[in-house]
Amino acid sequence: MSRHPASFRDPAGHVHERDGKVYRTILPWGAARYRAVRESGFLETATASGRLIEGREVDPAVLGDEAPDAVHVLEHPHLAFVSHPYEWSFSGLRAAALLTLDLHLEALASGVTLSDASAYNVQFAGPRPVFIDYLSFIPYEPGQVWLGYRQFCEQFLNPLLLTAKAGVAFQAWYRGRPEGISAADLSALLPLRARLDPRVALHVVLRGRLERRVTAHDTARARGVRLPKAALVNNLRSMRGWIAKLAPRTSATSWEAYERSAHYTPEEHAKKARFVGDAIAVARPGVVWDLGCNAGAYAEVALAHGAGLVIGFEPDAGAVDAAFRRAAEKGLNFLPLAVDVTNPSPDLGWLQRERAGMAARRNADAVLCLALLHHLVLGRNLPLAHVIEWLVGLAPRGVLEFVPKEDPMAAQLIALKPGIAPEYTREAVGDLLAARACIEQSAVVTASGRTLFAWNRA
Amino acid sequence: MRSGPRLIAAFIVVSATLAALPPAAHAQYVDPGAASVLLQVLIAGLVGLAAVLKLYWRKVTGLFGKRSGGDGEA
């Protein structure tokens with residue numbers, strides 16, 4: 001079976017992967033709707049602007065026995081990396097929300113509407129959001145309401161509000177409930193000041209209360225509700241205006257502020273950047289995983305030296321948001337994710353196959369592990385040998401930075417636990433690496449003794 | 001703008017019915033999406049109301065603007 005394990009909800013069609021190619025079937029149930037949307041010209045405009053993934057109609061028999069009912073089959077470009085909303089930064093989720101609203105508004109102008117508002121229908125090409133579903137677009141019928149309003153609130157608005165109004169990072173909660181955050185749950189913990197905001201009162205507090213009080217009679221009444229098109233457009237525009245202005249409550253920090261805390265002199269930073277740049281220039285990796293990417297300074301170095309795409313992993317919500325903004329502002333092919341490498345995303349959803357965990361998405365040609373090892377070994381008490389084995393297993397090549405215990409930053413980590421990890425020495429790190437890979441380069445880059453190793457096990 | 005007054009009327013009707021709603025007896029069997037559909041009418045009414053008020057507000061401020069302009073000329 002080539003069918004994608006997350007593709008089962010929509011009776012209009014499914015996604016298949018075969019021989020490295022991605023196909024979307026359109027089944028009899030959705031064929032007429034698809035053709036009507038295609039005739040509207042909307043799909044062409046949206047793909048031309050790069051906001052909707054390209055889709056080329058191919059021979060419907062291409063999948064043979066696997067999709068004998070397919071009326072149409074589209075071929076889509078293969079995504080370099082699939083990420084999930086609970087891994088995105090605040091700015092990433094906001095960008096995906098705005099894309100969904102913009103496409104909906106654009107679609108309405110062509111007589112097309114969105115049948116849902118799933119955040120999983122958005123993927124990222126670097127920091128640029130791209131809508132990947134075709135069958136969510138259906139012909140608009142006069143009087144139709146915003147069909148995906150509730151889903152939009154749970155998967156976009158409420159997680160954003162949790163961070164913007166309560167100052168709580170949304171990712172952990174979202175991961176625990178991949179369908180999104182409910183209005184009732186959110187309104188229970190928003191501060192009073194936030195709940196007094198008329199928009200919060202309507203979209204969160206009142207919606208949460210209504211959901212609990214709704215009756216079968218209301219369901220019947222809801223079926224008859226008609227909304228003028230102008231009102232639907234106004235609702236979408238008003239939501240767009242609100243979301244565009246939302247910002248994380250805690251951090252107004254720019255990415256420069258994160259870099260300043262790195263404790264390198266300009267010369268030391270230049271030396272480290274040169275080492276990383278040289279290692280990348282030799283390897284020319286298609287995909288680099290930057291573990292503990294902070295605000296993305298070395299992801300940018302890697303891209304400048306020939307890396308095709310960098311996926312960043314950073315558990316600090318402020319840093320990962322700064323990294324995303326950096327990527328967007330500078331147009332870098334860099335997607336920083338709010339993921340802690342010591343607790344990567346697991347397989348989630350239906351049959352635990354719907355949303356693949358991080359292990360199943362491993363695609364790095366090279367890894368960067370800079371200023372992270374001491375956090376794992378000294379800060380999190382992970383055994384050094386386990387960490388090195390995991391790291392070398394992630395990709396055939398990489399750059400590892402060793403921060404000695406005497407370094408002021410590392411010293412802070414062990415101030416209250418003297419004697420921890422006696423095995424954590426430069427020599428041990430070198431020996432463990434050398435036992436698994438060839439150390440191609442190593443250099444001490446700071447006065448405090450920070451050391452870089454470039455290894456290759458290919 | 002013609003749908004404005006109709007939406008405001010709908011808003012008043014919906015909010016009055018919502019206030020009178022009893023808690024659902026079998027919440028698991030009722031589609032919570034219904035609440036979001038009904039709420040959209042209310043939101044549309046409020047968004048419309050805000051637009052109408054903004055328009056009137058501009059007219060009022062415009063009126064004062066004109067009068068003070070007229071005073072200046074006199």
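The values are calculated or read from the model by the stated rules, or taken from the named source; none is laboratory data. Computed from a prediction, not measured in an experiment: that's the story for all the values here. Every residue, glycine among them, receives a Cβ derived from its backbone with ideal geometry; neighbour counts consider all protein chains shown. To get the accessible areas, we keep the full protein, side chains included, count just its heavy atoms, and leave off ligands, DNA and RNA. Shrake-Rupley method; radii C 1.70, N 1.55, O 1.52, S 1.80 Å.
When A:R397 is tested against the conditions (1) modelled with pLDDT under 95; (2) under 17 Å from A:L291 (Cα atoms); (3) basic (K, R), the lone failure is (1).
Within segment A:33-56, which residues are of a type in the set (A, V, I, L, M), open to solvent by 30 Å² or more (accessible area, probe 1.4 Å) and either within 20 Å of A:V122 (Cβ to Cβ) or without any contact (Cβ under 8 Å) to a residue 12 or more places away in the chain (or both)?
The initial filter retains those residues of segment A:33-56 that are of a type in the set (A, V, I, L, M), namely A:36-37, A:43, A:46, A:48, A:52-53.
With the extra rule that they be open to solvent by 30 Å² or more (accessible area, probe 1.4 Å), the set shrinks to A:36, A:48.
Across segment A:33-56, the qualifying residue is only A:A48.
Which residues, taken from segment A:431-458, are under 23 Å from A:P285 (Cα atoms), assigned to a helix (DSSP H, G or I) and not aliphatic (A, V, I, L, M)? Result: A:R436, single match. If you check A:Q441 against the conditions, is it modelled with pLDDT of 95 or more and loosely packed, with under 15 Cβ neighbours inside 10 Å? It is true that A:Q441 is modelled with pLDDT of 95 or more and loosely packed, with under 15 Cβ neighbours inside 10 Å.
Is it fair to say A:L236 is open to solvent by less than 10 Å² (accessible area, probe 1.4 Å), modelled with pLDDT of 95 or more and either under 24 Å from A:L105 (Cβ atoms) or within 11 Å of chain B (Cβ to nearest Cβ) (or both)? Spell out how you get there, then give the answer.
Numbers: open to solvent by less than 10 Å² (accessible area, probe 1.4 Å): yes; modelled with pLDDT of 95 or more: yes; either under 24 Å from A:L105 (Cβ atoms) or within 11 Å of chain B (Cβ to nearest Cβ) (or both): yes.
Considered against the rule, which asks whether it is open to solvent by less than 10 Å² (accessible area, probe 1.4 Å), modelled with pLDDT of 95 or more and either under 24 Å from A:L105 (Cβ atoms) or within 11 Å of chain B (Cβ to nearest Cβ) (or both), A:L236 comes out as yes.
For segment A:348-362, the criterion of being of a type outside the set (G, A, S), closer than 28 Å to A:A434 by Cα and open to solvent by less than 20 Å² (accessible area, probe 1.4 Å) is met by at least one residue.
When the residues of segment B:29-38 are filtered to those that are at the interface with another protein chain (Cβ under 7 Å from one of its Cβ atoms) and more than 11 Å from A:L227 (Cα to Cα), which remaining residue is farthest from the chain's Cα centre (by Cα)?
Step one: list which residues in segment B:29-38 are at the interface with another protein chain (Cβ under 7 Å from one of its Cβ atoms), which gives B:30-38.
Now narrow it down to the ones that are more than 11 Å from A:L227 (Cα to Cα): B:30-36.
Numbers: B:V30: 28, B:D31: 26, B:P32: 23, B:G33: 22, B:A34: 20, B:A35: 18, B:S36: 16 Å.
Here the answer is B:V30.
Among the residues of segment A:66-85, at least one is modelled with pLDDT under 95 and part of a helix (DSSP H, G or I). Residues in segment A:380-394 that are crowded, with 22+ Cβ neighbours inside 10 Å and under 24 Å from the mean Cα position of the chain (by Cα): 1 in all.
Scan segment B:51-60 for residues that are open to solvent by 40 Å² or more (accessible area, probe 1.4 Å) and either at pLDDT 90 or above or more than 8 Å from every other protein chain (Cβ to nearest Cβ) (or both) and jot them down.
Within segment B:51-60, the subset open to solvent by 40 Å² or more (accessible area, probe 1.4 Å) is B:51, B:53-60.
Result: B:L53, B:K54, B:L55, B:Y56, B:W57, B:R58, B:K59, B:V60.
Here A:R213 fulfils each of the conditions (1) out of contact with any Asp or Glu (no Cβ under 9 Å at 6 or more places or on another chain); (2) at pLDDT 90 or above apart from (2). A:L147 meets each of the listed conditions (1) modelled with pLDDT of 95 or more; (2) open to solvent by 50 Å² or more (accessible area, probe 1.4 Å) apart from (1).
Hey, among the residues in segment A:275-324 that are closer than 21 Å to A:L391 by Cβ and of a type in the set (D, E, K, R), which one's least open to solvent (accessible area, probe 1.4 Å)? Among those residues, the one meeting the criterion is A:D290. Taken over segment A:325-335, residues that are open to solvent by 10 Å² or more (accessible area, probe 1.4 Å) and touching a strand residue (DSSP E or B) at 6+ places or on another chain (Cβ under 6 Å) amount to 1.
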